[in-house]
Structures are given as structure tokens and as C-alpha cells.
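The values are calculated or read from the model by the stated rules, or taken from the named source; none is laboratory data. Note that the coordinates shown come from a computational prediction; the quantities given were computed from them, not determined experimentally. Here the Cβ positions follow ideal geometry from the backbone for every residue, glycine too, while neighbour counts run over all protein chains shown.
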Amino acid sequence: MLKRTLGAAATALLVATVGGGSALADAKKGLEIAKKVDAANAGFEGERSEIEMVLVNAYGDKTVRRMTNVIFEMDEDGDKSRIEFQWPADVKGTRMLTWSHKSDDDDQWMFLPAIKRVKRISSRNKSGSFMGSEFSYEDLGSQEVEKFKHTYVKDEKVNGRDCWVTERVPTDPRSGYSKQIVWNDKGYMNAVKIEYYDRKGELLKTGKFTGYKKVSGLWRAAAIEMTNHQTKKSSTLTWKERTLKVELDEDEFDSDELDS
Amino acid sequence: MLRAFQLVIVAACVFLGTTSASAFDLKVKSKGEIRSETRYFLIDDDDPLTVDVNSAIAGRLELKTKIKKFKVVARGFARYDPTDLDRSAVFAEDAYVEYKQGKFRLRIGALLQNWTATEAFHPADIINARYLDSNIENQEKRGEPTIAVRYKFLDGNVELYYMPFFVEPIFPSAFSRQSFAPPGVAVDQVIAIQRGGNRVNDWEFTYQMGGRIQQTIGDADVSIHVISHIDRSTPLLVALEDGSPAVAYQPVIQYGGTYTQLFGGLITKVEAAYRQFYEPPGGRTEVGILPERPDFGQVAVGFE
């Protein structure tokens, strides 16, 4: 009896050690993959792009939004970005400035053109919808490695291309997601698919990144389609024009420049 | 002087808005809005002279272009109110040329400034004469003729202003429920008293200057300013030499600032100003001896 108990305990300990060791290895590999992908996309210095966003409701009705986006790459912290809405007319001229941070909440300001007012806004409501789309502020913000806990899951092919599949859990307790499953293409060194799970652990949305091409030596997706499985709505972001390695002045990303 | 300025603005708008701009290979960006407005006073004042229900069309147009390091901006506002034609108005909000070089920026022309941090009360937002018969929370503003020099440092800037002309507010019409005068009486004489006690009219030279510093410090946005100018917010009723009434504005020195701080998801906003009225020697002015005005301060606090 004692022998059997001891044997069972030894087996359980062995499984736990190997399993635990395997979990640690998966976490280490997951983090390595995230850092590799991050490093492969670094060095763009500055980006200017024109973006079109098409919102499709559950009945197939479409709404179009257009914006320009300028990003300044920061070495030690998250990037600074400035979006200006071009269409529709009721939001034209509205600008949003974001200073992303690796470990703190992002700093954000909005410029309201009718009254020429710059106001600070809270970035805490990350799960809020961006411009009525299926993209949340969290989805579009700078995806710093430090903002997640990464775990390697497996290797898998997507559309015939080799991918790492990792699970990442947001470290911010206010995130709208309990976890995300990311398929990172080994060639593009970028995500081709991300599944977003809500706070209850149910699949909420899937993002598909398509049309990859090299821009100034870096792979960038031409479009992201986000499908909400719960509401049956979808939104697509398409880059109409994109230029990397643009020389930008960091001063342009101060809040006092928003009304310029 | 106003006539000349208006001619320059109209010429700039025509140039920017027509093919002249494209002939010089200029890219002109434009945006505008047009809206219908209705205003209804719930409590009737039982006065047949006043208008209790207003319906108006208002619009705004902005044109911008860039020529090398220069930027030209023209922005105007117009309101047409057929229920009270005297309430209709057209004026420039922005009409300036900007030059940028490194950390310096120079702007010359009519500028629309917004120094506010709060939503309903704006003690620190004192530049620009208001269109007083508009939305009380966010009144439209006339562009202030200004020479502004800005230097960027750290996460903000310091800006110095010289405003050479007194620009009077646009007062409510004689039939408006928002008028300060008795019904049927128009406020059509507005003057400013200069430091020496002499009076100036709309768009005449006067002494106004100031400075402002803005900085972002962590989660906070801070600004402080000192302005010596003709106060546009606390008028006096005076009698002119011919006995006719006029609204008079006096010179003040204002010390003020704004503070916005993020505490987690809560934004705290504070706006404060202290006004020190300048009394001419012996209290004597061109329109007689004015009553002493007490200096006062205002603070507005908000949470979002």
C-alpha cells in the first residue's frame, strides 16, 4: 500500500516537474518569439500612411472612414503617433495624439477643430470601439512585448505558410481580453491571424492580416480584417499609402502641435 | 485699419479658394461646416419687442496652404438669422501667416486662441472678443490680431504675444433675449479705455501683450500666463461726451493658468485667473472718472 502510494506520488511529482518545466520552456519560447517579431519590425524610424476603414454591420451595410497616420518610433518607450480623420465630414480635422508606454497607461490627447481645443483624454477605456469599428483602442495601440505574458503553443501552417502560434495574456487587468492567440508568420515576422477572447474566455473576434509586402525593407500588412463573431459585424483597415523611414521631428508629437 | 485687414483676408480667401492657388502649384486644404440652429426661451418675457424663438443657419469655412516654411490659414464664421436679422454676423476666426524654423514659430494675423481646460466655465480663456449672442458654453470668437512668437522646449513651449488692436465683442441685437440693454435698445457704442485714460474704438491701436508657458509633465498638462490687455469680459456702462451710453472695457493684467491631471481613469481639470484692473492716474479718463473696479479671481474645477 505504502509502496503504491509512494509510487503514485513520485509519478505525480515527475509529471508536475516535467509539465512545469515544459510550461516554463513554452513561456520562454513564447517571449523569445515575441521579442524576435518585435525586433524584426523595429527600425522604421517614422511612418506616414493613409488608411481607409470600412465598417460592415450585420446586414452588410457599409460605412467608410478615412484617416492619415504618422508614427514616430521611440527607442526606449512605446511609439508616438498622430491620427487625423479625413472622412466623414463630421469628424474631418479631428486629431488624436498618442504617446504609448511600455508599462504605463498611454497618454492621449484629442483636438476638436470646431473650437480649436486640445484636450487630454483617458486611455484607460482600452476596450472601447475606435470610431465605431470592430477595432478597439487596445487593438490599434502599440503592441509592446511588455504588455503581455507570452506562451508558445505550437507550429502551424496558415495559407501554406509556416507560423508560430503563441498565446498572449494582457498584463493590464483593465484589458478587454482574457487572452489572444497569435499566428506569427515566420517569413513575414508579423501576425497573419489573431484570435481575441473576451473576459469570459469566449472567442470574440478574429483579425486577419493580409497583403504583406516589403516597405523600406520591412514587411507590412496592406489590410487587417476584424470580424466580431458575437455581433456578426466586421471592419477592415486598408493602407492606401504607406511610407517608412520617414524623417520626422519628435516635436511634431507634442500636444501643443495638435492645433497646428 | 479694419477695412484694409478685411480686404487682405478676402483676397487671401479668393486666392486660396480659386484656381490662382493651383496656378502656383499650391495644395489647398479646406474644411467647413454648415448647420441649422434653433433657440427657444422657455419662459416668455411678455415683451413684443424681443425674439423668443430664433432660427438661424451658421457656417464655418477653413482654408490652409503651405509654401515651403510658410503656412497660410484663413477661417471664417457666418450666421444668418432671419428671425432677428441684427443677430446675423460674419467675421474672421483665423487669418494668419505662419513661419516655422527649428524650434521657433512666428504667426502674424488674426488668431483664434483656446486656453481652456474645463467644459462650462473658462476663466483662463480670455483672449479673443466673443460673439455674445451665441452658445453660452462655447461662444464663437473673433480672431485677435496678434504677433505670436513661440519657442518649443522640453514637452511644451513658451509663447509671447503682442496684440496691437482693440477688437470689440459682437453684442446681442436690440431684440435678443440675451441682450444686456433694455429691449429695443442696441449696444452700438463700444470703447476701450487705455492705460493713460484715453479711449480707443474697435480696431484702433492699443497696448496689449503677454506670455504663456505650456508643459506636459508626466500625466499632467500645465499652463500659466500673464497678459496685459483690454479686458473683454467685464464691461462698464459709461456716458460719452454727448451723453450717449457706451460699453467700456478697461485694461487689466491677468495672471492665470490651467492644470489637467490624470488620476487613473479620472481627469481632473482646474482653470484659474486673477484680474488686476489698471486704474488711470486719479481715476480720470476721457469719459470721466470711472468707478473703482475691485480686482478678482476665478477658479473653475471639473472632473471627467
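Identification of strands (runs of 3 or more DSSP E) wholly contained in the stretch B:152-232 with 2 or more residues that are β-branched (Val, Ile, Thr) yields B:190-193, B:209-217, B:220-230. Filtered by the rule that a residue be modelled with pLDDT of 90 or more and either within 14 Å of chain B (Cβ to nearest Cβ) or under 23 Å from B:Thr260 (Cα atoms) (or both), the stretch A:117-155 gives A:Arg117, A:Val118, A:Lys119, A:Arg120. Evaluated against (1) in contact with a Lys or Arg (Cβ under 8 Å, 6 or more places away or on another chain); (2) surrounded by fewer than 19 Cβ atoms within 10 Å (Cβ to Cβ), A:Lys62 falls short on exactly one condition, (1). Could we say that B:Phe296 is within 13 Å of chain A (Cβ to nearest Cβ), surrounded by fewer than 18 Cβ atoms within 10 Å (Cβ to Cβ) and of a type outside the set (Asp, Glu) here? It is false that B:Phe296 is within 13 Å of chain A (Cβ to nearest Cβ), surrounded by fewer than 18 Cβ atoms within 10 Å (Cβ to Cβ) and of a type outside the set (Asp, Glu).
Can you name every one of the strands (runs of 3 or more DSSP E) wholly within the stretch A:143-242 that holds 1 or more residues which are in contact with a helix residue (DSSP H, G or I) (Cβ under 6 Å, 6 or more places away or on another chain)? Walk me through it before giving the result.
Values: elements: A:148-158, A:161-170, A:179-185, A:190-197, A:203-210, A:213-215, A:218-220, A:223-228.
In the stretch A:143-242, A:148-158, A:161-170, A:179-185 are the strands (runs of 3 or more DSSP E) which contain 1 or more residues that are in contact with a helix residue (DSSP H, G or I) (Cβ under 6 Å, 6 or more places away or on another chain).
Checking B:Leu49, B:Leu42, B:Leu63 one by one, the residue that is more than 10 Å from chain A (Cβ to nearest Cβ), at pLDDT below 95 and in a strand (DSSP E or B) is B:Leu63 and no other.
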